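Structure, as structure tokens:
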Amino acid sequence: MRQHKHPKIEEIDLIDIMYALSDPTRVEIVMTLAGKGRAMTCGELLIDRPKSSMSHHFKILRGAGLVETLIKGTEHINSLRLKELEERFPGVMKAVLKAFRAGMADG
């Protein structure tokens, strides 16, 4: 079975994380996963974008080390790597998610 490549936690760079979070669609994906607090299939995310566009966004998120995607049959199951990211960059993802939530509440 084919699986996606994910960077090892020690290979993750904060600049790549910030780049990945510079796009509103990718922020929406991350915030949805964080809000649900569980792994989700692409179909569950319900983000109104073409499949090719979503594939691109997930590739960027995986490459930055934010998301892990496991393939089970025909489903791609996505989860945030929050625990690993917290170990690598203590407090960063909590602060980023808090800032995005505050921004969403403002407008």
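The values are calculated or read from the model by the stated rules, or taken from the named source; none is laboratory data. Everything numeric here is computed off the predicted structure, so don't read it as measured data. Heads up, the Cβs are rebuilt from the backbone with ideal geometry, glycines too, and the neighbour counts pull from every protein chain shown.
Could you count how many residues in region 14-29 are without any contact (Cβ under 8 Å) to a residue 40 or more places away in the chain and either assigned to a loop (DSSP other than H, G, I, E, B) or within 11 Å of G65 (Cβ to Cβ) (or both)? Adding up the residues that qualify gives 2.
The residue of region 45-63 that is modelled with the lowest pLDDT, among those that are of a type in the set (A, V, I, L, M, F, W, C) and outside any helix (DSSP H, G or I), is L46.
The set of residues in region 64-82 being among the basic types (K, R) and either modelled with pLDDT under 95 or more than 13 Å from the chain's Cα centre (by Cα) (or both) consists of K72 alone.
The residues of region 41-57 that are surrounded by 14 or more Cβ atoms within 10 Å (Cβ to Cβ) and touching a strand residue (DSSP E or B) at 6+ places or on another chain (Cβ under 6 Å) amount to a single one, C42.
Of all residues in region 67-101, exactly one satisfies the criterion of being in contact (Cβ under 8 Å) with a residue 60 or more places away in the chain and among the hydroxyl-bearing types (S, T, Y), namely T69. Annotation: of all residues in region 2-24 being among the β-branched types (V, I, T) and surrounded by fewer than 16 Cβ atoms within 10 Å (Cβ to Cβ), the one that is farthest from V96 (Cα to Cα) is I9.
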